[in-house]
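Encoded as structure tokens, the structure appears first; notes follow it.
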Amino acid sequence: MDKPRQKKLEKRAIQLRGLINKYSYEYHVMDQPSVSDDIYDSLNNELKEIEAIFPQLITTDSPTQRVGGRALEKFEKVEHSNPMLSLNDVFSFEKIKEWEKRIIKISGENKLDYFCELKIDGLSVMLTYENGYLAKGATRGDGKIGEDVTQNLKTISSIPLKLIGENNNRIDVRGEIYMSKKAFETINQNQIKKGLPSYANPRNLAAGSIRQLDPKITAERKLESYVYDIYNDPIIKTHQEKHEKLVKWGFRTSQYVKYCQDIEAVIEYCKEWDTKRNNLDFQVDGMVIIVNNNQIFEKLGFVGKAPRGAVAYKFSAEKVTTIIEDIRVNVGRTGAVTPYAVMNPVKIAGSTVSRATLHNEDEIRKKDIRIGDTVVIQKAGDIIPEVIEVVVGLRTGNEKEFVMPTVCPVCGSKIIKPTGEAVRRCLNKNCFAIEKEQLIHFASKDAFDIDGLGEKIVEQLLNEGLISDIADFFALEAGDLATLDRFAEKRADNLIKAIQKKKKVTFNRFLYALGIRHVGSITATRLATEFNNLDRLKEASLEDLLVIDDIGEVVARSLYHWFRDHRNIRLLEKLSLLGVGYEKIRKSNKLEGLTFVITGSLVRMSREETEERIRFLGGKAAGSVSKETNYLILGNGPGSKLAKAEKLGIKIISEDDLFKMF
């Protein structure tokens, strides 16, 4: 055996392991990568090669041990040294106050403070570390006995195989395993491409992934973790300190936490996240509220399987049941004829709804949805609710199957189902419904954003024959509006002023407003950045369009043919004659030479849209804070980037400050 060579490679392996683990921690826990993926992969491959030559050099904390390993025949049962308890739920702010009254009486304290953290909808696990190394990971099971899933948990990069710093004690920490919405969507898209059924939700898929007997399958699922509790450490005085210590040890903890000095602050934090939780890239179903003082928490004891000193406030329901009274269809701006359900009004996610999308006739058939059915509906954010499934056990036999119409319900033209598409379409370009939806889209917030020009007024203008296309908005006079119901002179003047005020918008908004099929706001921004003016875009060939990042063949063909349709050519000429167009903003016009980093969730635009806007105006949107960063954009629930920016003296601005710069 080549001893000198082994000794040399052993020293190299130690260096590689330390550096790779450092880079992995920066990327997966701190969200601050300091090297590219290529560099990380190169170092990891070198370590694999060394360990392949000398297997005896493999250590338990080697990053190469995260993925792979033999498939198991079954999962072994494991008894938890500390019981994994559940929490009692509360569903209103009144119940939160009642809970506080009870625990104040039991504890004998005059006043309590709290620590709040978002309750991620994932799979609960217990991680055991011995002498600083991950020794065992187990599922919750019944709270006393779970299953040993150590090999699978090792595939999750945000779970440290070795704790940072010296630690010679046995430590148990509790955390949550979850899957991001983005990873879930990617997996389902691949399922559909393979002709396989899609998965129900990220939580179930994450749980199923952890229970795969082959760790390689788990590794492919891109799972995430966050840890929130420590056992066996009596020195820690508060729950807030537990989070701080977990970070020092190298765990990923939730960014969305808050110390609250009283119950009113707790309620305000719950209200805040009940309205913006759907902006997150993972599912949450509530807020964990825990007495911050650990001594008082222990003193309060338990009731059943739940601690008295903590509760889970459940956000307003996102899934409820109701009855479908009728199924009707709507005609959109592209002619798509979409079925929707008319339901008994029901409260969901904080609002009352009576309509739900059914997507298309294939979806209705697949889910066997009938008029009269009791159904489960769900709602995410501000989107229209959708029917998830039918409660078949409540059928009476009087339900009726729905049949898609063969003619447009608005114009009476024939409806066809194009080859390869899931929706039927009205092909009459003069269809009133299509014209109305196109006009509403043009005036919408992300397009020309014309104040006061809503759906009802657009419909009135069409009915009176005052407009026939988007250009006609700008030819209107105040006197033309006299024929409209409840349109006083002042209101007419205000609307005309609002329309004339918006004759010029940015190029990306102008493109989006045209309503070209498959061109959303992000695609419009990319096109505006690439071509900078309409003439260049009109002259672009299919090949010119296809070389642009994220512009596929479907979008390219849609654009190419739109600019060669004589109706659209005339429309653009008409807009130009009326002085309607776009402001020519060069990429370097406003933000040239400036680097921006975003932390937390944004409200006015998504992170992707905001970064596109920054690039469009000549700035750089980076993923991590460095000395080169000029501004940190502070969103809701900021992460570790905030601390680094403060340390480096980076200027911190709000989302509103950024929009002022735009």
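The values are calculated or read from the model by the stated rules, or taken from the named source; none is laboratory data. Please read these numbers as outputs of a predicted model, since none were measured by experiment. Backbone-built Cβ (ideal geometry, glycine too); neighbour counts: all protein chains shown.
A few remarks follow.
- Residue check, residue 175 surrounded by 14 or more Cβ atoms within 10 Å (Cβ to Cβ), touching a residue at least 12 places away in the same chain (Cβ under 8 Å) and either more than 16 Å from residue 121 (Cα to Cα) or not assigned by TED's automatic domain parsing to the domain that holds residue 26 (or both): yes
- Residues located in segment 326-338, provided they are of a type in the set (Ser, Thr, Tyr) and either in a strand (DSSP E or B) or at pLDDT 85 or above (or both): 338
- Of all residues assigned to segment 225-234, at least one qualifies as being touching a Phe, Trp or Tyr at 6+ places or on another chain (Cβ under 7 Å) and either assigned by TED's automatic domain parsing to the domain that holds residue 636 or not acidic (Asp, Glu) (or both).
- For residue 406, the requirement of being closer than 27 Å to residue 371 by Cβ, in contact with a Gly (Cβ under 8 Å, 6 or more places away or on another chain), β-branched (Val, Ile, Thr) and not assigned by TED's automatic domain parsing to the domain that holds residue 605 is not met.
- Filter result (at pLDDT below 80, crowded, with 18+ Cβ neighbours inside 10 Å and among the polar types (S, T, N, Q)) within segment 594-639: 601
- Criterion applied to 146, 141, 137 was being in a loop (DSSP other than H, G, I, E, B) and assigned by TED's automatic domain parsing to the domain that holds residue 219, and the one residue passing it is 141.
- Tally, over segment 537-546, of residues that are in a helix (DSSP H, G or I) and either surrounded by 12 or more Cβ atoms within 10 Å (Cβ to Cβ) or among the β-branched types (Val, Ile, Thr) (or both): 6
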